[in-house]
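Take a look at the structure set out below.
Read-outs: derived from the displayed coordinates by stated rules, not from any lab. From a predicted model like this one, the values you see are computed outputs, not experimental measurements. Cβ coordinates were reconstructed from backbone atoms using ideal geometry, including for glycine residues, and neighbour counts include every protein chain displayed.
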C-alpha cells in the first residue's frame, strides 16, 4: 500500500543516499537542503511550531493584553527577566518562533517546487503500462468471453474515457489513471499557505491598528497623535490615515438583570457622529460589536467601555484647578473601576487622587468597597489624596491611570490615610486647606479600535484556496485501472480488469465492479465460465 | 412564560435522552460481551480495496450470536430514540432562547454530543461495520452530557453582544461538527491502539476478549484516518470562519487570543497526524498517538481555555 497522499517529500528523496561518502562543500549544502526539505524535518518543524505556540497562550502576551503582562512582571520579579530573554511575553513575534516558521516555509517551498515539476510531468505522461500479472493486484476481476480482443479493448477504452480516466492503449491492454486533482489540491494547499504568510506580512507592513478611548461628549480625529496605542507597518506613510473624525454622543448598555448570568452584557450601543473628510456633512452611526463603522477603507470597531467619573478640584487657593471627566478602567465584570486624577496646576502643591469608581457600590467586609452590578445603581467614588510632586515635568512618560507617588505624600486624617466614599454631588475636603474635590457625576467612555489591513483580502483568498486544495487532496483518490484482453484461441478471450488505489480508498472495488459490469454488456461472460 | 416552558421541556427531553443513551450503552456492551468468541483468521495481506473486517456469518454461531445480534439491534434502536429526544432538547433550547442553541459551554456540549451521535448514526445508515463502536461512542456522549447538566448548566438566556452575529451559526456550527467527527475518530484510534497491541501478541497467547468482535487493527486505523481526514477540512473551515468573524468583531482576523492559539495548535497537531500517516517510520501507532494528542489539545481548548484562560473568547457562562 503506497501512501503518497500527503507526503511532501519528492519521491527520489525517500531513499537516503548510499554509504558514507565524503561530501564537498557543495555536497554538504545539497545534503543540508535534502535534510531540510525532507518529510521528517517538516514533521519536526510542525511539532516545534505547535509547541512554540503553547507558551503564547499560557504566558500573558504584550500584543494581546499588555496590562496582564505588567501584572505578571510585578508578581514574578525573578522570573520575568528570564521570560523576557526568551521573548515569552511576545512569543508570536519572537526570533525563535519566526525561525521555526521560516524554516518550515522554506522546507515547504523546497518540496512543493520539485513536486510541482514532477506533477506537471506526470499529468502529461501516459498512464503506466499494465503490470504483467493483473490478478495479483488488490482488486482484480477476470472472465472469459467470446467477444474478440479489439472489441473488448475498444469497449474498455470508451468506458474508461466515459469515466474521465486518462487512457492509454498499448497493444491489447488499456491503462487508465484518474485523480490527478489530489496532487494538484495538495500543491495548491501548500502554495496557498505560503501566500497566506505573504498576505500576513503585507498586512503588517502596510497596515495600521490603533485604539483610542473616547469619553461621551468628546471625539477624536484620525491622526497618529490622537491614539492611545498605535502600531503601524514600516511602509505606512504619514499621509495614509484617512482624515475622518468622530464624536461619541452617547453610550447605552443593557445588562442581564437576574438569573445565573446576572450582570452579563446584552447590548452595547455607541451613538457616534462622524465626518469622513473635514468639511463633509456629519453623519450618525449606531456603532455596535459586530457592526463596525467603515470610513474610506478604514474600519472602526467598538471594543470596550467603562466609566469616567467627573470631578471638580479646587486647590489651596480656592481656584478651580481641574474640572472634567476622568476615565477609570474596569477591573472586574461588575465594573469596579480604578483610576487617578492628576492636578498639576494646583497651588501651592500639586494634587493627586487615587481611587475607585463603583457603579453599584457595596462595602464588602472582606474585599472592601466593590461594585456588585455593572450598571449605575448606586454610583460611588472612593478616593484618597496625595500632595507633592506628580513628577510630570521629569520628562519620563507616565501612565494616566497610575500615580507616581515617589515624591508625594498621602494626605492623612487622624493618623490614617484620608479616604472617603462620595456620592454624586458630594465633596471631599482635604485637611489644612489643601483643597477640595467634588464628585460631579459620571459619564461613559468607549474604546474604539481603528484598523486598516490591506493584507486581509489576500489572506482570505489564500485561506479559501488552501481549504479547496485541502479538500481535493483529502477527498480525491488517485487510482489506476487496467483492462487487458488476451486471445485464448478458439474464439475465446480472457478479460482481466484490475485496479490499484494509491491512497486509502474503499471505493475502488465498487468502481472496478461497476466498470466490469459495463464491460460485460459488450464482452458477455461465457455461461460455463467459472468466475474466480 | 413560553420560553421557560421550552427551556424546561428541553431539560426534560435531555434527561430522557440520557436514560436512553445509558441503556443503549449497556446493550452495546452486552453485545460485545455475549458474542461468541470467534478467533478471527488473520488477514494475510490487507489490500487497500479489500473489505478487511469479515466477521463469520452469525448463523454459524448459534444462539449466542443471535442473542448478541439482537442486543446490538436493540442498542441501535435505542440510540436512534435517544438521538430523537436529544434533537428535541436542542430544538426546544433554541426556541426558548430564540437563537442558535450554542451560545455557551452548556449548549455547545449538548449540541456537540448530539453531533457525535448523528455521525455515528450516519455511519450505521451507510451500512459501515461500525456497531462495535457503539459502546465507545455512547461513553463520551454520556460523559459530555453529564458534565453539561451538572457543571456547565446555564439558564437559557440572551447572548452577550459579541456573539450576536450570523457567524455564530457558521463558525460554531462548523466547530461543533468537526469536534463531533474528531470524537468518533478519537474512539476509533483508541480501539486501533488496543487492537494493535493485541495483534502483536502471538495468537495462542491472546486470551478471549471482546476485542475479537472488533475489526482488525489495520481496518480500525483506516477508519480512524478517514474520520480525521473528513473532520480536518471542517475544522479548517471553522478556523477560517472564526478569523472572518474576529475581523468583523474586533478589527483583526488573527490576534493570538488563547482560544485562537489553541485552535491553531489543534489544527497543527492534526496536520502532523495526516503528514505522519504518510511518512515512513511514523505510520501506525506513532501517528495514532499524534491523533490522540490532537484530541487532547481540542479538549484542553474547550475545557481549560474556556474556563481558566482570559481572552476575548470568554463566553463559557460558567461560574
(request) First check a/c for the range A:191-308, with a ≥ b ≥ c the square roots of the eigenvalues of its C-alpha gyration tensor; if it is under 1.5, answer rounded, and if not, answer prolate when a/b is larger than b/c or oblate otherwise. (result) oblate
(message) On C-alpha positions alone, give me the angle between the axis of helix A:508-522 and the longest principal axis of chain A, in degrees, nearest 10.
(response) 40
(message) I'd like the FRET efficiency for residue B:125 and residue B:292, computed as 1/(1 + (r/R0)^6) with the beta carbon distance as r and R0 of 25 Å, rounded to 0.05.
(response) 0.35
(message) Averaged over its residues, how many other protein chain Cβ atoms are within 10 Å of peptide A:285-293's Cβ atoms?
(response) 4
(request) Quickly rank A:372-385, A:397-410, A:469-482 as a protection proxy: mean count of other C-beta atoms within 10 Å, highest first. (result) A:469-482, A:372-385, A:397-410
(message) Using the basic label-point model (7 angstrom from Cα toward the beta carbon), what is the residue A:281 to residue A:151 distance in nanometres?
(response) 8.3
(message) Using the basic label-point model (7 angstrom from Cα toward the beta carbon), what is the residue B:66 to residue A:317 distance in nanometres?
(response) 10.9
(request) Could you check the simple spin-label distance between residue A:164 and residue B:8, using points 7 Å along Cα→Cβ, in nm with one decimal? (result) 5.6
(message) For chain A, take the longest principal axis of its alpha carbons; what is the angle in degrees between that and the long axis of helix A:66-75, to the nearest 10 within 0 to 90?
(response) 70
(request) For the range A:242-319, count the residues as N, evaluate 2.2 N^0.38 Å, and divide the Cα radius of gyration by that value, please. (result) 1.53
(request) For a quick protection proxy, order the peptides B:124-133, A:38-47, B:104-113, A:66-75 by their average other-Cβ count within 10 Å, most packed first. (result) B:104-113, A:38-47, B:124-133, A:66-75
(request) Mind pulling the angle between the C-alpha long axis of helix A:25-36 and the longest principal axis of chain A? Nearest 10 degrees, somewhere in 0 to 90. (result) 80
(request) Among B:67, B:277, B:206, determine the one that fluctuates most according to a GNM of chain B built with springs between C-alpha atoms less than 10 Å apart. (result) B:206
(request) Would you please classify the overall shape of chain B from the alpha carbon gyration tensor, given that a ≥ b ≥ c denote the square roots of the eigenvalues, rounded means a/c under 1.5, and beyond that prolate means a/b larger than b/c while oblate covers the rest? (result) oblate
(request) State the three equivalent ellipsoid semi-axes of the range A:348-387, derived from the C-alpha gyration tensor as the square roots of 5 times its eigenvalues, in descending order and whole Å. (result) 25, 12, 5
(request) Give me D for chain A in µm² s⁻¹, whole number, from Stokes-Einstein with Rh from the Kirkwood sum over alpha-carbon pairs, 4 °C and 1.567 mPa s. (result) 43
(request) Apply the Debye scattering formula to the range B:163-319, with a single equal point scatterer on each alpha-carbon and no solvent, then give log10 I(q)/I(0) at q = 0.10, 0.12, 0.13, 0.16 Å⁻¹. (result) -0.43, -0.58, -0.66, -0.88
(message) Need one value for B:242-253: mean number of C-beta atoms belonging to other chains within 10 Å of its residues' C-beta atoms.
(response) 6
(message) Under 10 Å, Cα contacts only: if you run a Gaussian network model on chain B, which one of B:136, B:186, B:26 comes out with the highest mean-square fluctuation?
(response) B:26
(message) Counting only other chains, and only Cβ atoms inside 10 Å, what mean value do you get across the residues of B:269-276?
(response) 5
(request) State, to one decimal in nm², a quarter of the convex hull surface area for the C-alpha atoms of the range B:116-163, i.e. the direction-averaged projected area. (result) 5.0
(request) Find the Rg to Rh ratio for the range B:80-138, where Rh is the Kirkwood radius over alpha-carbon pairs and Rg uses the same atoms. (result) 1.05
(message) Under 15 Å from a point placed 7 Å out from the Cα of residue A:242 along the Cα-to-Cβ direction: which residues of the range A:436-467 have their backbone N that close?
(response) A:449-457
(message) Would the range A:306-444 count as rounded, prolate or oblate if I go by the C-alpha gyration tensor, calling it rounded below 1.5 in a/c and otherwise prolate when a/b exceeds b/c, oblate otherwise?
(response) prolate
(request) List the residues of the range B:273-287 whose backbone N lies under 11 Å from a point placed 7 Å from the Cα of residue B:200 along the Cα-to-Cβ direction. (result) B:285-286
(message) Starting from 0.36 nm per residue, how many nanometres of slack lie between residue A:362 and residue A:76 once their C-alpha separation is accounted for?
(response) 99.8 nm
